[in-house]
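The values are calculated or read from the model by the stated rules, or taken from the named source; none is laboratory data. Just so it is clear, the model here is predicted, and its values are computed rather than measured. Cβ coordinates were reconstructed from backbone atoms using ideal geometry, including for glycine residues, and neighbour counts include every protein chain displayed.
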């Protein structure tokens, strides 16, 4: 694969998708970080109020180092907010904090896609790493056209890598739903005020959504590449 120009072309496309989405998210976040909310609450206070109003009292909020490293851990029921979000009193901080609380609400309500994603995590992590190596082994054995072990390894490798792709697509409704909850709850609870603040929140969250779309598209592109190389799409590898 190291000498396949198609492979490196696709890697480049995937990298551009990821870098572009990441750059847009950082740009939107940094711009919104300069716009204070009229309520003046920090991201941590926004998160605490949404949790309280949602009847969730078993989720802890803590500061977590790193830029945009915010996440919700369903195993420990912990909301980890980056410094700029935890202490920030901006539209950006409110948007990200509310989004992460959206995941806590999903967990409390047993939101099916979130549960499915949690189950897939270990399989996806392993599959994304070892899947391509198994496919390469299959290719050296003649791939799917050779039948026997080549065909078996081709299916095993593609299935393992495919688990990672499925994970990225299940992530989409999880993230979109959390953002939609945030967009609705912030004005509903009076944590943002006015159309300008709501538009700022939407811009930050919509940009963040692009990172998940880029990840899903990239994973699908590479899955199709590996399936083709293994001979499972009908083509024969030269």
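What to note about this one:
- Residue in region 127-141 that is out of contact with any strand residue (DSSP E or B) (no Cβ under 9 Å at 6 or more places or on another chain), closer than 22 Å to residue 205 by Cα and surrounded by fewer than 20 Cβ atoms within 10 Å (Cβ to Cβ) present: no
- Options 52, 38, 62: the member that is surrounded by fewer than 16 Cβ atoms within 10 Å (Cβ to Cβ), at pLDDT 95 or above and not in a helix (DSSP H, G or I): 62
So that you can scan it fast, the table gives a plain yes or no per residue for (1) in contact (Cβ under 8 Å) with a residue 40 or more places away in the chain; (2) crowded, with 16+ Cβ neighbours inside 10 Å; (3) within 30 Å of residue 70 (Cα to Cα):
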{"position": "97", "(1), (2), (3)": "yes, yes, yes"}
{"position": "102", "(1), (2), (3)": "yes, yes, yes"}
{"position": "107", "(1), (2), (3)": "no, yes, yes"}
{"position": "112", "(1), (2), (3)": "no, no, yes"}
{"position": "115", "(1), (2), (3)": "no, no, yes"}
{"position": "149", "(1), (2), (3)": "no, no, no"}
{"position": "184", "(1), (2), (3)": "no, no, yes"}
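- Residue 75 passes every criterion in (1) out of contact with any strand residue (DSSP E or B) (no Cβ under 6 Å at 6 or more places or on another chain); (2) over 28 Å from residue 194 (Cα atoms); (3) modelled with pLDDT of 95 or more apart from (3).
- Scanning region 160-167 for residues that are surrounded by fewer than 17 Cβ atoms within 10 Å (Cβ to Cβ) and out of contact with any strand residue (DSSP E or B) (no Cβ under 8 Å at 6 or more places or on another chain) turns up nothing.
- Flag for residue 176 being surrounded by fewer than 18 Cβ atoms within 10 Å (Cβ to Cβ) and at pLDDT 95 or above: yes
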